[in-house]
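Undergrad: Encoded as structure tokens, here's the structure I'll be asking about.
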Amino acid sequence: MNHLMQIFALVELSITCAVVMILLLQKTSSQELSLTTKVLLILLLGNLFFWPLGLGMELPLVAYVRGVIGDLSIVTMLLLWTSLLSGRKPTPFAFKVSIACIAIVFYPLALGIGMIDPYAWGYESVLFFIAVLLFAVVCGLANWSKGVWIIAIGILAWAAHWHESANLWDYLLDPFLAIWSLIAVFGALYRRRRDKARSGYLFRPG
């Protein structure tokens with residue numbers, strides 16, 4: 001079973017690495033890639049990451065990537081995959097703000113600052129599980145159905161012990177998701193302040 005977990009983790013991360021490379025390619029290209037092209041590139045790049053390529057490396061390239069960054073959360077992986085395959089519809093700003101606020105509180109406490117350890121809640125805490133479900137309900141009420149099923153898949157993966165971790169937090173949040181949300185929130189606030197300053201300058205009397 002543990003061997004299968006290792007294989008699943010490497011396959012997931014191989015696909016994710018391929019998706020990240022294609023997203024970066026699209027950022028530098030003015031032409032939108034077709035869905036067929038994206039799928040073919042995922043299969044090609046994913047295989048390059050998954051299978052050993054020699055060159056003095058005994059393990060697949062993705063194993064070295066995993067050794068550096070660890071396993072990504074289910075939420076992060078699905079956000080990346082769907083951002084590539086489902087068009088350019090942005091992730092709601094309210095979701096980014098929520099993740100940023102959670103990360104600002106969670107990581108300092110989980111690292112030992114204070115008397116509360118929220119990471120321990122991820123081990124079958126009923127109240128934490130209910131809070132996650134309520135968060136999914138809020139996503140649904142906000143008409144973001146993708147967020148609902150992303151969280152649902154994360155919960156199902158945790159219940160099935162899909163990854164090595166038995167903590168629900170590891171299926172829902174990781175440092176990369178936290179950093180992305182913080183950059184997105186502060187970037188949006190900076191742009192809003194900059195645009196407001198420009199608007200005030202343009203309409204200043206005289």
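The values are calculated or read from the model by the stated rules, or taken from the named source; none is laboratory data. Keep in mind that this is a model prediction, so the values were computed, not measured. Backbone-built Cβ (ideal geometry, glycine too); neighbour counts: all protein chains shown. The area values use the complete protein model at the heavy-atom level, side chains included, leaving out ligands, DNA and RNA. Shrake-Rupley method; radii C 1.70, N 1.55, O 1.52, S 1.80 Å.
Undergrad: As an exercise, use a Förster radius of 25 Å and the Cβ-Cβ distance of Leu189 and Val137 to find the FRET efficiency, rounded to the nearest 0.05.
TA: The calculated FRET efficiency here is 0.40.
Undergrad: Looking at [x] 18.1; [y] 19.2; [z] 17.5, which value of Kirkwood radius over Cα pairs in Å comes from a calculation on the structure shown?
TA: Of the listed options [x] 18.1; [y] 19.2; [z] 17.5, [y] comes from this structure.
Undergrad: Something else: Largest first, please: the extent of the C-alpha atoms of region 1-96 along each principal axis, to the nearest Å.
TA: On the principal axes, region 1-96 reaches 39, 29, 21 Å in Cα extent.
Undergrad: Given axes a ≥ b ≥ c from the Cα gyration tensor, I'd like to know whether region 48-153 is rounded (a/c under 1.5), prolate (a/b larger than b/c) or oblate.
TA: Judged from the Cα gyration tensor, region 48-153 comes out oblate (a/c at least 1.5, b/c at or above a/b).
Undergrad: Relative to the Cα centre, what is the charge dipole magnitude of the chain, using +1 at the beta carbon of each Lys and Arg, -1 at the beta carbon of each Asp and Glu, and rounding to the nearest 20 debye?
TA: 1420 debye
Undergrad: State the answer as a single residue: which of Cys101, Leu168, Gly154 lies farthest towards the positive end of the charge dipole of region 80-206, with beta carbon charges of +1 for Lys and Arg and -1 for Asp and Glu, about the Cα centre.
TA: Cys101
Undergrad: At Arg198 and Leu127, where each label point lies 7 Å from the Cα along Cα→Cβ, what is the point-to-point distance in nanometres?
TA: The two pseudo-label positions are separated by 4.7 nm.
Undergrad: Helix-only mean residue ellipticity at 222 nm, the chain, DSSP H runs n ≥ 4 weighted -39,500 (n - 2.57), per residue, nearest 500. What is it?
TA: The helix-only estimate for the chain comes to -23500 deg cm²/dmol at 222 nm.
Undergrad: Further, regarding this structure: Could you do me a favour and compute the accessible area per residue for the chain, 1.4 Å probe, result in Å²?
TA: Ligands and nucleic acids excluded, the figure is 63 Å² per residue.
Undergrad: Using only the Cα atoms, what convex hull volume per residue in Å³ does region 85-205 have?
TA: 155 Å³
Undergrad: Any lysines with Cα under 18 Å of the Lys146 Cα? List them, leaving off those in the same chain fewer than 8 positions away.
TA: Within the straight-line limit of under 18 Å, Lys146 reaches these lysines: Lys89, Lys96.
Undergrad: Roughly how many Å is it from the Cα centre of region 78-107 to that of region 3-36, as a whole number?
TA: Their Cα centres are 17 Å away from one another.
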